[in-house]
Amino acid sequence: MADRPDPMISNLPAPGVAVFRGVNWGGLKTLYVKEVRRFFKVQLQTVWAPAITTLLFLVIFTVALGGDGRSVMGVPFAEFIAPGLIVMGMLQNAFANASFSLLVGKIQGTIVDYLMPPLSTGELLAGLTGGAVTRALCVGGAVWLAMALWGVDVTPRHPLALLWFGVVGSAFVALLGVLTSIWAEKFDHAAAVTNFVIAPLALLSGTFYSVESLSPTFRAISQFNPFFYIISGFRFGFLRTADSDVMFGGALLGVLTVALAGFCYWLLRRGWKLKN
(Lines give C-alpha, C1' and ligand atoms only; values in the text may rest on other atoms or scores of the structure.)
Protein backbone atom coordinates (compact mmCIF):
# COMPACT_ATOMS: atom_id res chain seq x y z
CA MET A 1 0.00 0.00 0.00
CA ALA A 2 1.50 3.33 -1.06
CA ASP A 3 2.26 5.87 1.62
CA ARG A 4 -0.13 8.77 1.71
CA PRO A 5 1.42 12.25 1.42
CA ASP A 6 1.69 14.20 4.63
CA PRO A 7 -1.05 16.90 4.46
CA MET A 8 1.19 19.31 6.39
CA ILE A 9 3.88 19.00 3.72
CA SER A 10 1.49 19.09 0.78
CA ASN A 11 0.07 22.42 1.99
CA LEU A 12 3.46 24.13 1.95
CA PRO A 13 3.98 26.58 -0.90
CA ALA A 14 6.47 25.75 -3.62
CA PRO A 15 9.93 27.32 -3.38
CA GLY A 16 9.91 30.88 -4.63
CA VAL A 17 6.14 31.30 -4.28
CA ALA A 18 5.18 34.27 -2.10
CA VAL A 19 3.37 33.36 1.11
CA PHE A 20 2.17 36.88 1.93
CA ARG A 21 0.01 38.10 -0.92
CA GLY A 22 -0.55 41.54 0.58
CA VAL A 23 1.21 43.47 3.31
CA ASN A 24 2.95 41.40 5.95
CA TRP A 25 1.49 43.39 8.82
CA GLY A 26 2.87 41.01 11.44
CA GLY A 27 6.41 41.29 10.14
CA LEU A 28 6.14 45.06 9.68
CA LYS A 29 4.89 45.47 13.25
CA THR A 30 7.71 43.26 14.56
CA LEU A 31 10.37 45.33 12.78
CA TYR A 32 8.81 48.59 13.93
CA VAL A 33 8.59 47.43 17.56
CA LYS A 34 12.21 46.22 17.38
CA GLU A 35 13.36 49.66 16.18
CA VAL A 36 11.36 51.45 18.88
CA ARG A 37 12.52 49.15 21.68
CA ARG A 38 16.13 49.56 20.59
CA PHE A 39 16.18 53.30 21.33
CA PHE A 40 13.66 53.15 24.18
CA LYS A 41 15.88 50.81 26.22
CA VAL A 42 18.34 53.70 26.51
CA GLN A 43 15.76 56.49 26.59
CA LEU A 44 17.85 58.53 29.03
CA GLN A 45 20.40 58.90 26.22
CA THR A 46 18.12 58.91 23.18
CA VAL A 47 15.13 60.96 24.41
CA TRP A 48 15.77 62.88 27.60
CA ALA A 49 19.38 63.89 26.99
CA PRO A 50 18.48 65.69 23.71
CA ALA A 51 15.67 67.47 25.58
CA ILE A 52 18.08 68.82 28.20
CA THR A 53 20.67 69.75 25.57
CA THR A 54 18.08 71.64 23.53
CA LEU A 55 16.82 73.46 26.62
CA LEU A 56 20.40 74.57 27.29
CA PHE A 57 20.54 75.94 23.73
CA LEU A 58 17.43 77.95 24.50
CA VAL A 59 18.80 79.35 27.75
CA ILE A 60 22.23 80.21 26.34
CA PHE A 61 21.01 81.89 23.15
CA THR A 62 18.25 83.76 24.95
CA VAL A 63 20.73 85.19 27.46
CA ALA A 64 23.50 85.82 24.93
CA LEU A 65 21.30 87.51 22.32
CA GLY A 66 19.34 89.93 24.41
CA GLY A 67 17.29 88.04 26.98
CA ASP A 68 13.63 88.87 27.38
CA GLY A 69 13.99 92.34 25.87
CA ARG A 70 14.55 91.19 22.28
CA SER A 71 11.80 90.24 19.87
CA VAL A 72 11.84 88.65 16.41
CA MET A 73 8.90 88.67 14.00
CA GLY A 74 6.83 90.38 16.68
CA VAL A 75 7.28 87.75 19.40
CA PRO A 76 9.79 87.38 22.27
CA PHE A 77 13.06 85.82 21.16
CA ALA A 78 12.58 82.72 23.34
CA GLU A 79 9.20 82.00 21.74
CA PHE A 80 10.70 82.54 18.29
CA ILE A 81 13.56 80.06 18.63
CA ALA A 82 11.66 77.45 20.68
CA PRO A 83 9.85 75.83 17.69
CA GLY A 84 13.06 75.71 15.67
CA LEU A 85 14.91 74.05 18.53
CA ILE A 86 12.14 71.49 19.00
CA VAL A 87 12.07 70.42 15.37
CA MET A 88 15.87 70.58 15.08
CA GLY A 89 16.11 68.03 17.90
CA MET A 90 13.51 65.90 16.13
CA LEU A 91 15.38 65.96 12.83
CA GLN A 92 18.77 65.15 14.31
CA ASN A 93 17.41 62.19 16.26
CA ALA A 94 15.39 60.87 13.31
CA PHE A 95 18.60 60.80 11.29
CA ALA A 96 20.60 59.22 14.12
CA ASN A 97 18.08 56.42 14.56
CA ALA A 98 17.66 55.61 10.86
CA SER A 99 21.36 55.76 10.06
CA PHE A 100 22.22 53.18 12.73
CA SER A 101 20.26 49.99 12.00
CA LEU A 102 21.57 48.81 8.63
CA LEU A 103 25.03 50.20 9.28
CA VAL A 104 25.55 48.30 12.52
CA GLY A 105 24.19 45.21 10.78
CA LYS A 106 26.82 45.51 8.06
CA ILE A 107 29.62 46.12 10.55
CA GLN A 108 28.64 43.30 12.92
CA GLY A 109 27.65 40.88 10.16
CA THR A 110 24.00 40.72 11.26
CA ILE A 111 22.57 42.41 8.15
CA VAL A 112 20.80 39.14 7.33
CA ASP A 113 18.45 39.88 10.24
CA TYR A 114 17.00 42.64 8.04
CA LEU A 115 17.33 41.01 4.62
CA MET A 116 16.21 37.43 5.29
CA PRO A 117 12.80 37.87 7.05
CA PRO A 118 9.72 37.66 4.77
CA LEU A 119 9.47 41.42 4.40
CA SER A 120 9.15 43.27 1.13
CA THR A 121 11.45 46.17 0.34
CA GLY A 122 8.66 48.63 1.08
CA GLU A 123 7.91 47.01 4.43
CA LEU A 124 11.58 47.10 5.41
CA LEU A 125 11.80 50.77 4.47
CA ALA A 126 8.55 51.60 6.29
CA GLY A 127 9.68 49.83 9.47
CA LEU A 128 13.04 51.62 9.58
CA THR A 129 11.48 55.00 8.81
CA GLY A 130 8.60 54.50 11.23
CA GLY A 131 10.95 53.71 14.11
CA ALA A 132 13.01 56.84 13.39
CA VAL A 133 9.92 59.06 13.19
CA THR A 134 8.68 57.64 16.49
CA ARG A 135 11.96 58.57 18.15
CA ALA A 136 11.71 62.05 16.65
CA LEU A 137 8.20 62.51 18.06
CA CYS A 138 9.33 61.29 21.50
CA VAL A 139 12.22 63.76 21.48
CA GLY A 140 9.95 66.56 20.25
CA GLY A 141 7.47 65.87 23.03
CA ALA A 142 10.23 65.80 25.66
CA VAL A 143 11.72 69.08 24.39
CA TRP A 144 8.27 70.69 24.26
CA LEU A 145 7.58 69.61 27.85
CA ALA A 146 10.95 70.91 29.07
CA MET A 147 10.38 74.31 27.44
CA ALA A 148 6.82 74.54 28.76
CA LEU A 149 8.06 73.82 32.30
CA TRP A 150 10.77 76.45 31.81
CA GLY A 151 8.05 79.00 31.18
CA VAL A 152 8.24 79.48 27.41
CA ASP A 153 4.93 79.87 25.58
CA VAL A 154 4.85 76.86 23.26
CA THR A 155 1.10 76.66 22.76
CA PRO A 156 0.22 74.92 19.45
CA ARG A 157 -1.86 77.27 17.30
CA HIS A 158 -2.01 75.37 14.02
CA PRO A 159 -1.97 71.61 14.76
CA LEU A 160 -2.18 70.59 11.10
CA ALA A 161 1.03 72.46 10.27
CA LEU A 162 2.75 70.93 13.30
CA LEU A 163 1.65 67.45 12.25
CA TRP A 164 2.67 67.82 8.61
CA PHE A 165 6.04 69.49 9.05
CA GLY A 166 6.88 67.49 12.19
CA VAL A 167 6.00 64.04 10.87
CA VAL A 168 6.84 64.46 7.17
CA GLY A 169 9.96 66.45 8.00
CA SER A 170 11.13 63.71 10.36
CA ALA A 171 10.34 61.09 7.71
CA PHE A 172 12.39 63.03 5.15
CA VAL A 173 15.44 63.15 7.41
CA ALA A 174 14.90 59.53 8.46
CA LEU A 175 15.09 58.55 4.79
CA LEU A 176 18.34 60.49 4.57
CA GLY A 177 19.49 58.35 7.48
CA VAL A 178 18.46 55.14 5.70
CA LEU A 179 20.32 56.32 2.60
CA THR A 180 23.40 57.02 4.72
CA SER A 181 23.25 53.60 6.37
CA ILE A 182 23.04 51.95 2.93
CA TRP A 183 26.06 53.87 1.67
CA ALA A 184 28.25 53.97 4.78
CA GLU A 185 30.74 51.21 5.55
CA LYS A 186 31.82 52.38 9.00
CA PHE A 187 30.62 54.71 11.73
CA ASP A 188 33.01 57.43 10.58
CA HIS A 189 31.05 57.73 7.34
CA ALA A 190 27.76 58.23 9.17
CA ALA A 191 29.39 60.71 11.55
CA ALA A 192 30.75 62.67 8.59
CA VAL A 193 27.27 63.03 7.12
CA THR A 194 25.94 64.12 10.52
CA ASN A 195 28.68 66.71 11.07
CA PHE A 196 29.08 68.05 7.55
CA VAL A 197 25.57 67.76 6.12
CA ILE A 198 22.80 67.38 8.71
CA ALA A 199 24.14 69.72 11.40
CA PRO A 200 25.00 72.63 9.03
CA LEU A 201 21.69 72.34 7.19
CA ALA A 202 19.81 72.40 10.50
CA LEU A 203 21.77 75.26 12.05
CA LEU A 204 21.77 77.42 8.91
CA SER A 205 18.04 77.13 8.26
CA GLY A 206 16.66 79.95 10.38
CA THR A 207 16.58 78.15 13.70
CA PHE A 208 18.10 81.07 15.61
CA TYR A 209 17.26 83.94 13.26
CA SER A 210 14.80 85.17 10.68
CA VAL A 211 16.04 84.95 7.11
CA GLU A 212 14.54 88.39 6.54
CA SER A 213 17.53 89.78 8.46
CA LEU A 214 19.99 88.21 6.00
CA SER A 215 21.45 89.79 2.90
CA PRO A 216 19.62 89.02 -0.37
CA THR A 217 22.36 86.56 -1.39
CA PHE A 218 22.19 84.46 1.76
CA ARG A 219 18.40 84.75 1.78
CA ALA A 220 18.32 83.25 -1.71
CA ILE A 221 20.70 80.46 -0.66
CA SER A 222 18.38 79.60 2.23
CA GLN A 223 15.59 78.88 -0.26
CA PHE A 224 17.53 75.82 -1.46
CA ASN A 225 17.79 74.32 2.03
CA PRO A 226 14.94 71.84 2.64
CA PHE A 227 15.48 72.16 6.40
CA PHE A 228 14.54 75.83 6.08
CA TYR A 229 11.02 74.93 4.95
CA ILE A 230 10.64 72.31 7.69
CA ILE A 231 11.63 74.73 10.45
CA SER A 232 9.69 77.65 8.99
CA GLY A 233 6.52 75.55 8.59
CA PHE A 234 6.88 74.01 12.05
CA ARG A 235 7.32 77.48 13.56
CA PHE A 236 4.12 78.54 11.79
CA GLY A 237 2.31 75.86 13.78
CA PHE A 238 3.18 77.71 17.00
CA LEU A 239 3.33 81.37 15.97
CA ARG A 240 1.09 81.53 12.86
CA THR A 241 3.88 83.42 11.15
CA ALA A 242 6.70 82.11 8.97
CA ASP A 243 9.67 83.14 6.86
CA SER A 244 8.38 81.27 3.81
CA ASP A 245 5.21 80.36 1.97
CA VAL A 246 3.88 77.56 4.16
CA MET A 247 1.80 75.93 1.41
CA PHE A 248 4.73 75.91 -1.01
CA GLY A 249 7.08 74.60 1.66
CA GLY A 250 4.65 71.84 2.63
CA ALA A 251 4.16 70.76 -0.99
CA LEU A 252 7.90 70.83 -1.69
CA LEU A 253 8.60 68.79 1.43
CA GLY A 254 6.04 66.18 0.38
CA VAL A 255 7.53 65.87 -3.12
CA LEU A 256 11.10 65.59 -1.79
CA THR A 257 10.07 62.95 0.75
CA VAL A 258 8.31 60.82 -1.85
CA ALA A 259 11.25 61.14 -4.25
CA LEU A 260 13.76 60.21 -1.55
CA ALA A 261 11.62 57.26 -0.47
CA GLY A 262 11.57 56.03 -4.07
CA PHE A 263 15.35 56.33 -4.33
CA CYS A 264 15.91 54.44 -1.06
CA TYR A 265 13.43 51.78 -2.21
CA TRP A 266 15.37 51.32 -5.45
CA LEU A 267 18.71 50.99 -3.65
CA LEU A 268 17.30 48.52 -1.10
CA ARG A 269 15.71 46.45 -3.84
CA ARG A 270 18.99 46.28 -5.70
CA GLY A 271 20.84 45.42 -2.49
CA TRP A 272 23.48 48.05 -3.22
CA LYS A 273 26.29 47.71 -0.63
CA LEU A 274 24.08 45.32 1.33
CA LYS A 275 24.24 42.03 -0.53
CA ASN A 276 27.73 42.25 -1.93
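The values are calculated or read from the model by the stated rules, or taken from the named source; none is laboratory data. In this text, all values refer to a predicted model and were calculated from it rather than measured experimentally. Note that each Cβ is placed from the backbone with ideal geometry, even for glycine, and that neighbours are counted across all protein chains shown.
Observations, loosely collected:
- Evaluation of Ser101 against the conditions (1) at pLDDT 90 or above; (2) surrounded by 20 or more Cβ atoms within 10 Å (Cβ to Cβ); (3) of a type in the set (S, T, N, Q) shows that the sole unmet condition is (1).
- Restricting the range 221-276 to residues that are β-branched (Val, Ile, Thr) and in a helix (DSSP H, G or I), the residue that is nearest to Val152 (Cα to Cα) is Ile231.
- Among the criteria (1) closer than 22 Å to Ala261 by Cβ; (2) free of Cβ contacts under 8 Å to residues at least 12 places away in the same chain; (3) among the hydrophobic types (A, V, I, L, M, F, W, C), the one Val168 does not fulfil is (2).
- Close pairs (7 angstrom Cβ cut-off, 6 or more residues apart or separate chains): at positive phi and crowded, with 17+ Cβ neighbours inside 10 Å in the range 201-221, in a helix (DSSP H, G or I) and of a type outside the set (S, T, N, Q) anywhere: Gly206/Gly84; Gly206/Phe228; Gly206/Ile231
- Condition check for Val87: farther than 15 Å from Leu260 by Cα and outside any helix (DSSP H, G or I): no
- Just one residue in the set Leu137, Leu176 is surrounded by fewer than 20 Cβ atoms within 10 Å (Cβ to Cβ) and in a helix (DSSP H, G or I); that residue is Leu137.
- Every residue from the range 200-232 that is of a type outside the set (Val, Ile, Thr) and within 11 Å of Gly84 (Cβ to Cβ): Ala202, Leu203, Ser205, Gly206, Phe208, Tyr209, Ser210, Phe227, Phe228, Ser232
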